[in-house]
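Accompanying notes for the structure given below.
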Amino acid sequence: MDAVSARAVVLDERNRIVASHRGRPGDSPARLLGALIAGGTGAAVIDRVVAILPEPTVTDVITGSRVGVLRIGAPAETALPPLAAWPACLSAALAGPVATVGGGHEYDGRVLAPLDLAAVARFARRSAGAVGAVAVAGIHGLENPEHEQRAAAVIADELGPDTPVIQGSATEALGLLEREHTAVLDAALARAARARIDELDTAMRAHNPEAELYIVRGDGTVLPALDGPRHATASTGAARAALIHGAARLAGLTSATVVEMTADHAIVGTTHAGLLPESGLRREIAGVRTGLRAPSLAAVARDEAFTSRLLATLARARHGFDEIPVVIIGDRADVLPDPPRVPVIRPSDGDLAAAVGAASAEAAGSIDRIFWQGTGGRADSVARARRLARDAAVRAGADPRVLRETPVQEALMTYVPVPAARLRVTAVGPLLEPVSP
Amino acid sequence: MDQVAEAAIDDVMRGAVHFGSGGGGDPYLGRQLLTAAVRRHGPVPLARPDELAPDTLVLPVVSGGTPHALLEKAHDAAEAETLLAAVEARAGRKCGAVLPVQLGSINVALPLVVAAELGLPCLDADLMRRTLPSIDLTLPRLAGHPVPPITVVGGAGVVAEFSSGAGTVLGELVRAVMPALGLVALISAYRLTAGDCTRLGVAGSVSECGRIGSALADVRPARPDGHEPYLRACGGRLACTGTVAEVVQHSADGWPRGVVSVQTPGGLVRIDFQNENLVLSQEGTVLTTVPDLIGVADAETGDLVQTVDLAVGQDVHVITSPVDDRWHTPEGLAMVGPHAFGYAVDPVGFDGASPAAGTR
């Protein structure tokens, strides 16, 4: 279901469209689902719903919950306090109490400073009644999230179960600031995300109490709905990513370069074996850098130099994937002539591409962190990175029996005599099918 | 430029990336650190070395450690005070200004942050005129000035001092204490006065970052001549344009080494890098080597990119530009030429000419 373009489809077990609904812009996800089920022949029992939710806007962030921000890292990480260099209007609108307390870990997981539980408790008391959510981030929290977890427990005790406490280590991203920023934005948006997901969940359960709900992420893979409220920013870019996957799927392909032509621009992206290549860039939301990775997608404006720039963008998107076809969709697909010297497919029902991409989406887990090769050497680190990625994919809903992996990318640590490397790897696979009754 | 105010930070940081030659760290963290410091303490005053009394002791500052670790643990507010106190205690007198050791995003931002925190001006100068991977690779040392005393300040008040010895040995020792400090430290070295800096002729570095960064902001990547403002500002040239085909890294000899391959209309171009880009070659012909600068810009955005962040399929421009002429002397090349980094090629300048041929 594409709640952005108000499209919903039902796919059978072989990913064929058996029912669809074209709604109106602004339709709520729950209403879209209701309309699909009411009108859908062949949609007798829907056992899984995958939704593309609208991505958060600056206004959503500003009008979201006030957030208490706790950094665990004093005295090591105090030159740049939390939110200190944020756009001033944004931090003024959303910041509740902000504190940096003693604690955190070193690059190899050992304790950097003991966790100052008394200071955490003081922060929690200041936050009580003053915030709608809390973000907690600790130094080297990916290598060792223990201090984050203990602090989050103290805060949850003080503020009660209804106040979301978002941990930085829940975002797989190198960089304390990037994880902290993601946690703060997710905290600000958590209540609104929960309300939206709960509404959809209720509508789905009225149809089938056993059904599973998933939310599409910015790379076109899914997040279980249970985790959705804590990762509201993960929806950023979901519609475009699902569109690329879905267009390929409509053309009967797992790898394709997709062009979506609209009145004012063309979107170009490549899906390779069900994954969008990464751009190497972090997403910015409301002018703040997050830990979310942006896939490689290009938008080409339809100005006078459009054709030549589109062909150059197409060539770039297909670099290294010379054999794969080009799939053209979009409401202006007919004005674009076939690009030269490539197989071109123009599937029907192109306007359903994003919804199809959602309904057929897979689950993935990505790892991106520093691995200290202190004891077991490189082979151990690589094995650990792959295991962590597979575990994350399974937690996201993937069937552990049929996972695929990307090659492990390695970047060595520089300037220091420590055998350590930044390793990046993604595991992906189809969703585990619900057990048939 | 007589101060770094908030409005100037973007330009200064963009220009600092130019001097990183593909290394020196992503500018985001430095920009955030500097913005926070300026918001807290006000604009950082810059001073030319000849504006200060010649016997004014200065505090050279460089961030030690690895950019990846710095992303997690980006210095504590007390480190600057600790460093200043240790250096002043050893010298027996007060420091009157902070001095950047090298140019590169973190190591331009950090001295400015330290200056803001200490309430001192920052000298509009630096000791390398680019980024080089070791604290002993500086123009004062090229001129015979000793590297020590070296002061290393880690988190939680740890101070290590190395008072005398050969620069290369001390460089190893400094690296050796880094793991215990969590791979991040604030480092000072060289006992220098403002008068020394005037004699060295190393003025204008931060202003230069601002000037080049402002030209980078004027780059219009969609236009064929869109990079002209930047090329004019840095005196460089567009060596080639192509698509990143491969990025590999290995560490056979204990140093991280890497190779980027760029597919260009003129064939495969190769960039050998360690921390910084060091050798640019095409089909076996060396086009440019360290010490001149080899930068890679994203063709779509025009932004300079850290080499380790390049992605396969990315369209890029490779841009080469000159560095301080003293690095091209026989003594300078012995310190920072390609041979010094273990590459068996002769130095070639940014314009493809051999510096030994007297073209410079």
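The values are calculated or read from the model by the stated rules, or taken from the named source; none is laboratory data. This structure is a prediction, so every number in the text was calculated from the model and none was measured. Ideal geometry is used to build each Cβ from the backbone, glycine not excepted, and the neighbour counts take in all protein chains shown. To get the accessible areas, we keep the full protein, side chains included, count just its heavy atoms, and leave off ligands, DNA and RNA. Shrake-Rupley method; radii C 1.70, N 1.55, O 1.52, S 1.80 Å.
Report, to the nearest whole %, how much of the accessible area of chain A belongs to carbon and sulfur atoms, 1.4 Å probe, protein only.
Percent of accessible area from carbon and sulfur atoms in chain A: 51.
Given an 8 Å cut-off on Cα distances and at least 6 residues of separation, report the relative contact order of region B:231-341 as a percent.
With pairs under 8 Å counted, the relative contact order is 27 percent.
Using modelled backbone amide H atoms (1.01 Å from N, in-plane), which distant-in-sequence or interchain residues come within less than 5 Å of A:ARG48's amide H?
Those lying under 5 Å, H to H, from A:ARG48 are A:GLU212.
With Cβ to Cβ distances under 11 Å as the rule, what net charge do the other residues near A:GLY138 carry (K, R +1; D, E -1)? Walk me through the numbers before you get to the answer.
Numbers: positive: A:ARG71, A:ARG150, A:ARG179, B:LYS73; negative: A:GLU77, A:GLU143, A:GLU146, A:GLU148, A:GLU180, B:GLU72.
Its environment carries a net charge of -2.
Work out the FRET efficiency for B:ARG39 and A:HIS207 from their Cβ-Cβ distance, taking R0 = 45 Å, and round it to the nearest 0.05.
0.30
Between chains A and B, what is the buried accessible area summed over both chains (1.4 Å probe, protein heavy atoms, nearest 100 Å²)?
Summing both sides, the interface buries roughly 4000 Å².
Translational diffusion coefficient of region B:231-341 at 4 °C, 1.567 mPa s, Stokes-Einstein with Kirkwood Rh over Cα pairs, in µm²/s as a whole number. Show your work: numbers first, answer last.
Working: Rh = 14.3 Å.
Answer, rounded: 90 µm²/s.
Rounded to a whole number, what % of the accessible area of region B:231-341 do carbon and sulfur atoms account for, probe 1.4 Å?
52 percent
Gain in length, A:THR262 to A:ALA156, computed as 0.36 nm per residue apart minus the alpha-carbon separation, to one decimal in nm?
Details: separation 106, 0.36 × 106 = 38.16 nm, distance 4.71 nm.
Once the chain is fully extended between A:THR262 and A:ALA156, it gains 33.4 nm.
Taking one equal scatterer on every alpha-carbon of chain A, how large is log10 of I(q)/I(0) by Debye at q = 0.06, 0.09, 0.12 1/Å?
Taken in order of the listed q values, log10 I(q)/I(0) reads -0.27, -0.60, -1.05.
Below 8 Å, C-alpha to C-alpha, sequence gap of six or more: please give me the relative contact order for region A:254-387 in percent.
The value is 23 percent.
Within region B:117-156, whose backbone N sits under 13 Å from a point 7 Å along Cα→Cβ of B:GLU88?
B:118-121
With r defined as the distance between the Cβ atoms of A:VAL58 and A:ARG122 and R0 fixed at 30 Å, what FRET efficiency is calculated, to the nearest 0.05?
Calculated transfer efficiency: 0.40.
Answer with one residue from B:ALA36, B:LEU278, B:VAL336: the one whose Cα lies farthest towards the positive end of the charge dipole of the protein assembly as shown, charges on Cβ with Lys, Arg +1 and Asp, Glu -1.
Comparing the listed Cα positions along the dipole, B:ALA36 ranks first.
Around B:VAL61, which amide H atoms from residues at least 5 apart in sequence, or from another chain, sit under 5 Å from its own amide H, with H modelled in the peptide plane?
Those qualifying (amide H under 5 Å, at least 5 residues apart or on another chain) are B:LEU99, B:VAL101.
Between B:VAL248 and B:ASP324, what is the spin-label point distance in nm, taking each point 7 Å from the Cα along the Cα→C-beta axis?
Label at B:VAL248, label at B:ASP324, 3.6 nm between them.
For region A:280-359 and region B:283-330, what is the separation of their Cα centres, given in Å?
So the separation of the two Cα centres works out to 29 Å.
Give the distance, in whole Å, between the Cα centre of region B:153-197 and the Cα centre of region A:29-82.
47 Å
Taking Rh as the Kirkwood radius computed over C-alpha pairs, what is the Stokes-Einstein D of chain B at 20 °C in a medium of viscosity 1.002 mPa s, expressed in µm² per second?
In µm²/s, the coefficient rounds to 105.
If you average the alpha carbon positions of region A:108-134 and of region A:188-234, how far apart do those two centres end up, in angstrom?
28 Å
Counting only protein heavy atoms, probe 1.4 Å: which residues of region B:161-179 lose 30 Å² or more of accessible surface in the full assembly compared with their chain by itself?
The answer is B:ARG175, B:PRO179.
If you take each beta carbon of peptide B:62-68 and count the beta carbons of other chains within 10 angstrom, what is the mean?
If you average over the peptide's residues, the count of other-chain Cβ atoms is 5.
Per residue, how much accessible area does chain B show when a 1.4 Å probe rolls over the protein heavy atoms, in square angstrom?
Values: 12340 Å² over 360 residues.
Per residue, chain B has 34 Å² of solvent-accessible surface.
Report the FRET efficiency, 1/(1 + (r/R0)^6), for A:ALA130 and B:ALA156, where r is their Cβ-Cβ distance and R0 is 35 Å, rounded to 0.05.
Values: r = 31 Å, r/R0 = 0.89.
For R0 = 35 Å, the calculated efficiency reads 0.65.
Relative to the Cα centre, what is the charge dipole magnitude of region A:59-192, using +1 at the beta carbon of each Lys and Arg, -1 at the beta carbon of each Asp and Glu, and rounding to the nearest 20 debye?
Using Cβ point charges on Lys, Arg, Asp and Glu, region A:59-192 gives about 480 debye.
Below 11 angstrom from the Cβ of B:ILE9, what's the summed charge of the other residues (Lys, Arg +1; Asp, Glu -1)?
Around B:ILE9, the charge tally is 0.
Compute the normalised compactness of region A:362-429: alpha-carbon radius of gyration over 2.2 N^0.38 Å, N being the residue count.
In units of the 2.2 N^0.38 Å rule of thumb, it is 1.17.
Treat every Asp and Glu Cβ in the protein assembly as shown as -1 and every Lys and Arg Cβ as +1, leave all other atoms uncharged, and give the resulting dipole magnitude about the Cα centre to the nearest 20 debye. Kindly include the intermediate steps, with their values, before the conclusion.
Numbers: 69 positive and 89 negative charges, 126 e Å.
So the magnitude is around 600 debye.
Add -39500 (n - 2.57) for each DSSP H run of 4 or more in chain B, then divide by its residues: what number comes out at 222 nm, to the nearest 500 deg cm²/dmol? Please report the intermediate quantities before stating the final value.
Details: 11 runs with 109 residues, N = 360.
That calculation yields -9000 deg cm²/dmol at 222 nm.
Give me the one-decimal nm value for the distance between modelled label points at A:ALA84 and B:ASP309, 7 Å along each residue's Cα-to-Cβ direction.
Simple spin-label model gives 2.1 nm for this pair.
Please work out whether region B:3-205 counts as rounded, prolate or oblate from its C-alpha gyration tensor, where a ≥ b ≥ c are the square roots of the eigenvalues and a/c under 1.5 means rounded, while otherwise a/b larger than b/c means prolate and anything else oblate?
Rounded, since a/c falls under 1.5.
Between A:HIS272 and B:ALA143, what is the spin-label point distance in nm, taking each point 7 Å from the Cα along the Cα→C-beta axis?
That separation, rounded to one decimal, is 5.1 nm.
Can you compute the radius of gyration and Dmax for the protein assembly as shown, using only the Cα atoms, both in Å?
Considering the protein assembly as shown through its Cα atoms, Rg and Dmax are 27.3, 88 Å.
For region A:73-179, what does the alpha-carbon gyration tensor say about shape, rounded, prolate or oblate, given a ≥ b ≥ c as the root eigenvalues, a/c under 1.5 as rounded, and a/b over b/c as prolate? Kindly include the intermediate steps, with their values, before the conclusion.
On the way: a/c = 1.59, a/b = 1.20, b/c = 1.33.
Since a/c reaches 1.5 but b/c is at least a/b, the shape of region A:73-179 is classed as oblate.
Given only helices, namely DSSP H runs of n ≥ 4 each adding -39500 (n - 2.57), what is the per-residue ellipticity at 222 nm of chain A, to the nearest 500 deg cm²/dmol?
-9500 deg cm²/dmol
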